Amino acid sequence: MADETKKPSESEAAASAREEELAPQLWMMITTFFHSPGRNILISLGVALCVVVGLTAFLQIKLNAWNKPFYDALSRKDFRSFCTSL
C-alpha cells in the first residue's frame with residue numbers, strides 16, 4: 001500500500017482558521033470597548049449590579065437571622081420574646 005498522509009478535512013481547516021482568528025477579534029473588541037464613549041456607563045452599571053447583588057445577599061442573611069427568634073417566639077407563644085424580636 002502506498003504511504004497515505006492524512007490531510008485535514010475542509011471542516012477541520014475551517015475550524016482551525018476560526019480559532020486562529022479568535023484572539024485578534026477578542027483583542028479588537030476589548031480595545032474598542034475601552035476607547036468607546038459608553039465605556040464609563042457600562043462599567044458603572046456593572047459595578048452597580050454587583051453592589052445590588054451583594055447588598056441583597058447581606059440583607060437576606062440579616063433577615064434570616066431575625067426570622068429564627070421571631071418564629072421561635074411565635075411557636076412558644078412567648079409574648080415577651082416576640083416583642084423583643086421585633
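Residues in region 30-44 that are in a helix (DSSP H, G or I) and surrounded by fewer than 10 Cβ atoms within 10 Å (Cβ to Cβ): 34, 35, 40.
Conditions tested, residue by residue: (1) surrounded by fewer than 10 Cβ atoms within 10 Å (Cβ to Cβ); (2) under 17 Å from the mean Cα position of the chain (by Cα); (3) not hydrophobic (A, V, I, L, M, F, W, C).
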site: 53; (1), (2), (3): no, yes, no
site: 64; (1), (2), (3): yes, no, yes
site: 69; (1), (2), (3): no, no, yes
site: 76; (1), (2), (3): no, no, yes
site: 80; (1), (2), (3): yes, no, yes
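Rule-based calculations on the coordinates, nothing more; no lab input. Note that the structure is predicted; figures quoted are calculated from it, not measured. Glycine gets a Cβ as well: all are built from the backbone with ideal geometry, and neighbour counts include every protein chain shown.
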